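Okay, structure first, notes after.
The values are calculated or read from the model by the stated rules, or taken from the named source; none is laboratory data. Bear in mind that the values here come from a model prediction, so they are computed numbers and not experimental data. Cβ placement follows ideal geometry from the backbone for every residue including glycine, while neighbour counts extend to all protein chains displayed.
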Amino acid sequence: MDVSVTSPDIEKVFPDAEDFLPLNGTDYIELYVSNSKQAAHFYKTAFGFQSLAYAGLSTGSKDCESYVVQQGKIRLVLTSPLKPGTLIGKHIDDHGDGVKSVALWVDDAEKSFQETVKRGAIPYIEPVTQKDEFGETKKSGIKVFGDTTYLFIERKNYQGTFLPGFVKWDSNYNPSPLGLEYVDHMVCNVGWNEMNKWVEFYAKVMGFTQLVSFDDKDISTEYTALMSKVMSNGNGRIKFPVNEPAEGKKKSQVEEYLDFYHGPGIQHIAVATNNIIETVTALQSRGVEFLSVPASYYEDLLDRVGEIDEDLKPIKELGILVDRDDEGYLLQIFTKPIEPRPTLFFEIIQRKGAKSFGKGNFKALFEAIEREQELRGTL
């Protein structure tokens, strides 16, 4: 599938965002993983991603190997080291498999770098131009929380499959896609009392605005609590909820993440579908495991959220959560962690007008996470 190279005409939906970059959307998400070939096979088999591009020894990459998979507008780059003593290997040692970089699609990578750095961002990659027979791309990057980085990708003069240095990856094994369309948001876990620091970073350095705030009264159970603020760029295509731990009787999911990831990072990636019942049914049939909520959650569901288009029976059978705001409702479900460490997981979300993040589901969701923490002995 060819990559779009021209920026869309995007309406600004959050006027409070300064939005000086601007950002067209998520270009790709790069994960550092211990075995990129096996990880690519997993994402294809379990989640329905398709083969897109490859870089490794045969393409001149001597230190690392990357497989790129795509579904809808979602691209994952899965990268592993080819020798000991690399920064990629250290990242995996420190954090386990996890998200290293979020690449943001921009019209001008050099300007994006200059605008963010002059506002206080720490440089990660100085602007660089990469070329091959299909044209050229420009890339730059900044450091954010922990070892995570944001890249700015400019591809308006490029017609290739993915990026220079990659070749098209043709595969005989291509399980069907499962209806995943685009990245809805990515949740960032930061340390104690660091949420407001990073909220200020998004506002000052990247021109984002705050959409919503949740305190420990909104996101708490009998045992644990956390705080969260949601930051978005002006067109709403890039949204980063920022979580920090809050005091509770026991260890919260954010604390567990920070312990096992050894610092701040991206906790989960929310991906959108237009038919969550079909998508989740297919994901479960391919072995993806989801958090479960008690049957009592559904007893008064329609009284809480009002009428919905979907049949309640499969929603209950699949364990899908439903919430409503002033603009509509949403359906969402969360996988169990997909790595050995209880860190990275995915959210599947379908929006039926709602622009919120499922506040009405927080208690049920976090109680479900606590049940898993108790099984792991980390609550």
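Would you mind telling me which numbered condition in (1) touching a residue at least 24 places away in the same chain (Cβ under 8 Å); (2) more than 22 Å from the chain's Cα centre (by Cα); (3) assigned to a helix (DSSP H, G or I); (4) surrounded by fewer than 16 Cβ atoms within 10 Å (Cβ to Cβ) Leu302 fails?
Of everything listed in (1) touching a residue at least 24 places away in the same chain (Cβ under 8 Å); (2) more than 22 Å from the chain's Cα centre (by Cα); (3) assigned to a helix (DSSP H, G or I); (4) surrounded by fewer than 16 Cβ atoms within 10 Å (Cβ to Cβ), Leu302 misses just condition (1).
Could you say which residue among Val271, Val280 is under 20 Å from Ile74 (Cα atoms), touching a helix residue (DSSP H, G or I) at 6+ places or on another chain (Cβ under 6 Å) and crowded, with 16+ Cβ neighbours inside 10 Å?
Val280
Quick test of your reading of the structure: Val242 fulfils all but one of (1) at pLDDT 95 or above; (2) within 17 Å of the chain's Cα centre (by Cα). Name the failing condition by number.
(1)
Anything in the stretch 25-61 that is within 16 Å of the chain's Cα centre (by Cα) and of a type in the set (S, T, N, Q)? List them, or say none.
The answer is Thr26, and nothing else.
Taking the criterion of being at pLDDT 95 or above, buried (at least 16 other Cβ atoms within 10 Å of the Cβ) and polar (S, T, N, Q), would at least one residue in the stretch 98-115 satisfy it?
Looking through the stretch 98-115, at least one residue is at pLDDT 95 or above, buried (at least 16 other Cβ atoms within 10 Å of the Cβ) and polar (S, T, N, Q).
So which pairs qualify, if the first residue must be in the stretch 16-39 and farther than 21 Å from Ile74 by Cα, the second must be assigned to a loop (DSSP other than H, G, I, E, B) and of a type in the set (Phe, Trp, Tyr), the Cβ gap must be under 7 Å, and the two must be at least 6 apart or on different chains?
Cβ pairs passing all conditions: Ala17/Phe208.
Take the conditions touching a Phe, Trp or Tyr at 6+ places or on another chain (Cβ under 9 Å), surrounded by fewer than 20 Cβ atoms within 10 Å (Cβ to Cβ) and on the phi > 0 side of the Ramachandran plot and apply them to Gly328. Does it pass?
So Gly328 does not fit the description; no.
For the stretch 327-355, what are the residues that are assigned to a loop (DSSP other than H, G, I, E, B) and either at pLDDT below 80 or within 18 Å of Asp259 (Cα to Cα) (or both)?
Across the stretch 327-355, the qualifying residues are Lys336, Pro337, Ile338, Glu339, Pro340, Arg341, Pro342, Thr343, Leu344.
Contact list please: Cβ distance under 8 Å, first residue in the stretch 118-136 and over 29 Å from Lys197 (Cα atoms), second residue modelled with pLDDT of 95 or more and exposed (fewer than 13 other Cβ atoms within 10 Å of the Cβ), pairs at least six apart or on different chains.
Pairs that qualify, where the first residue is over 29 Å from Lys197 (Cα atoms) and the partner is modelled with pLDDT of 95 or more and exposed (fewer than 13 other Cβ atoms within 10 Å of the Cβ), are Phe134/Gln159; Gly135/Gln159.
Out of everything in the stretch 107-134 that is assigned to a strand (DSSP E or B) and of a type in the set (A, V, I, L, M, F, W, C), what residue ends up being farthest from the chain's Cα centre (by Cα)?
Only one residue fits best here, namely Val128.
Condition first: crowded, with 16+ Cβ neighbours inside 10 Å and part of a loop (DSSP other than H, G, I, E, B). Now tell me which residues in the stretch 60-84 satisfy that.
Ser61, Gly72, Lys73, listed by residue number.
Is the stretch 145-159 home to any residue that is in the same structural domain as His91 (by TED's automatic domain parsing), farther than 23 Å from Ala55 by Cα, out of contact with any strand residue (DSSP E or B) (no Cβ under 7 Å at 6 or more places or on another chain) and surrounded by fewer than 18 Cβ atoms within 10 Å (Cβ to Cβ)?
Taking every residue of the stretch 145-159 in turn, none turns out to be in the same structural domain as His91 (by TED's automatic domain parsing), farther than 23 Å from Ala55 by Cα, out of contact with any strand residue (DSSP E or B) (no Cβ under 7 Å at 6 or more places or on another chain) and surrounded by fewer than 18 Cβ atoms within 10 Å (Cβ to Cβ).
Going by the conditions given, is Thr137 surrounded by fewer than 18 Cβ atoms within 10 Å (Cβ to Cβ), in contact with an Asp or Glu (Cβ under 8 Å, 6 or more places away or on another chain) and not in a loop (DSSP other than H, G, I, E, B)?
No, not satisfied.
Residues in the stretch 153-212 that are of a type in the set (A, V, I, L, M, F, W, C), part of a loop (DSSP other than H, G, I, E, B) and within 26 Å of Asn235 (Cβ to Cβ): how many?
4
Given Ser285, Ser252, Ser232, which one is polar (S, T, N, Q), assigned by TED's automatic domain parsing to the domain that holds Thr335 and under 16 Å from Val144 (Cβ atoms)?
Going through Ser285, Ser252, Ser232 in turn, the sole match is Ser232.
Could you tell me how many of the residues in the stretch 262-294 are in contact with a strand residue (DSSP E or B) (Cβ under 8 Å, 6 or more places away or on another chain) and under 30 Å from Lys143 (Cα atoms)?
Of the residues in that region, 9 qualify.
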